Amino acid sequence: MFRHRPVRSAALVLGTALAALTATVPAGAHTAGTLRPLPGVAPRAETATLYDDEAGGSADADDPAIWRNAAQPDRSLVIATAKEGGLRVYDLDAREVQSVPAPPAAGPDDAPGRFNNVDLVHGLRLPSGRADVAVTTDRGHDRLRIHRIAPGRAAGPLTDITDPAAPPVFSANQDEINDQHTAYGLATWTDPATGRSYALVSRRNRTTVVLLELTPTPAGTVTYRKVRSLDLPSSFRLPDGTSWTPCGEPGELPQVEGMVVDPANGMLYAGQEDVGIWRMRADLTGAAPKLVDRVREYGVPAVYDEESEECAPGADPGFGGTRLAADVEGLTLLTEADGDGYVLASSQGDDTFALYDRELEDANEYEGGFRVTATADGALDGSEECDGAAVLNAPLGTKYPRGLLVVQDGHDTPVDGDRAATNFAFVDLGDVLDRVDD
């Protein structure tokens, strides 16, 4: 039987104790040997609240993607996952224009569909011609779901074109699917040398990342095939010679969720939630993955308590980073016209966002950070414990002429009683760049 497990990472509890020391003056903003507070940027709009309960359809905001309508930029869309609530499609006013339900459970004791992460492929080759598609990890069924984007369609812009015979990504049978070591994080990539499109998919509660080629069928649907996989470390040798394994529930390894590929150089950035940000080739070949930055909690010993389902941290040996508080989430790429830009990451443990130079010759050095805060009148709240983020540095009509940043808010307010409430905040990218560059 499928069993729900706690969704709150034990690392968040561990991170709270460490991040509390830097809550007033966030880490990662070094100036002449001192620390300064990170700037705050308020959203311009936010979506309606999603509630993760029966009345709310078990909808839980997680990960967004931004689709630009080249013909009518004002009519661009944000496509976002809502876990068991399926997919939501929003316009630039953050109004819902379509809701796509997750597939039902295979049987009465099986896991229901649960859409975790989403990314886009532009110009995927189909028998009918090229099309833009949204690719989603269905964690409940251990599969990818592919939806064609057609903005003029009366029933809504998304149409499911997943091949019914598409196989599980990691599992051998339904029993393994119900264990939920299934498809989790996601990034898409199109190889400019071959024109072939891929999805890089991580596995829940494991360190595996798999490369899947997206393959159209003669029927006009899309399936996928495994090309290769890579396992990131689950334990680490520390500078003092000891070995460290991130704390978690027994049998669970430090997983990856947030991922993004830089198309300019074919590099994949993967956020191992309790560890840090890795860089590796998107085709999963070549040199060993490089750890670009570590979370503050890196190397901190901790013991998992089964009763509280939390990790109790020990003394900090000082081997962690200074800019990220576990979990690392929501990786996205902010490109600039001159080839510069940033890898943006959500530092979930302290409600901040970190920017790293995308250029390899600059060793992905840290460039700054910010927070998404409430508006001055309190009409729109900020972002806390952000799971997912998406950014597009392109004009989106009159509403966002300098681009858009969309971030998940893990604690939407005001709260309706004790209901678990989440949503997405829309932030003017120009505001972000102005504040970070100050």
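Just so you know, all these numbers are worked out from the coordinates, no wet-lab data involved. For clarity, every value in this text was computed on a predicted model and none was experimentally measured. Methodologically, a virtual Cβ is constructed for each residue, glycine included, from the backbone with ideal geometry; neighbour enumeration extends over all protein chains shown.
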Could you work out the relative contact order of the chain, using alpha carbon pairs under 8 angstrom and six or more residues apart, expressed as a whole percent?
16 percent
Hey, could you pull the Cα Rg and Dmax for the chain, both in Å?
20.4, 62
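Using a/c under 1.5 as the rounded threshold, could you call the range 378-434 rounded, prolate or oblate? The axes a ≥ b ≥ c are square roots of the C-alpha gyration tensor eigenvalues, and prolate needs a/b larger than b/c, oblate otherwise. Each step should come with its number before you reach the end.
Details: a/c = 2.91, a/b = 2.27, b/c = 1.28.
Cα axes put the range 378-434 in the prolate bin.
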Across the Cα atoms of the range 113-196, what radius of gyration and what greatest pairwise Cα-Cα distance (Dmax) are found, in Å?
14.0, 41
Of the residues 310, 46, 84, which exhibits the maximal mean-square fluctuation in a Gaussian network model of the chain defined by a 10 Å Cα contact cut-off?
310
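Could you estimate the translational diffusion coefficient of the range 300-415 from the Stokes-Einstein equation, with Rh from the Kirkwood formula over C-alpha pairs, at 37 °C and 0.692 mPa s, in whole µm²/s?
Values: Rh = 16.3 Å.
This corresponds to a translational diffusion coefficient of 201 µm²/s.
Estimate the FRET efficiency between residue 285 and residue 379 by the formula 1/(1 + (r/R0)^6), using the beta-carbon distance for r and 41 Å for R0, to the nearest 0.05.
0.25
Pop the C-beta distance of residue 304 and residue 71 into the FRET formula with R0 = 60 Å and round what comes out to the nearest 0.05.
On the way: r = 53 Å, r/R0 = 0.88.
Calculated value: 0.70.
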Could you go through the range 233-242 in sequence order and give the Karplus-derived ³J(HN,Hα) for each residue, using 6.51 cos²θ - 1.76 cosθ + 1.60 with θ = phi - 60°, rounded to whole Hz, and x for Gly and Pro?
x, 10, 9, 9, 7, 8, x, 8, x, 8
How many angstrom lie between the Cα centre of the range 117-171 and the Cα centre of the range 73-98?
15 Å
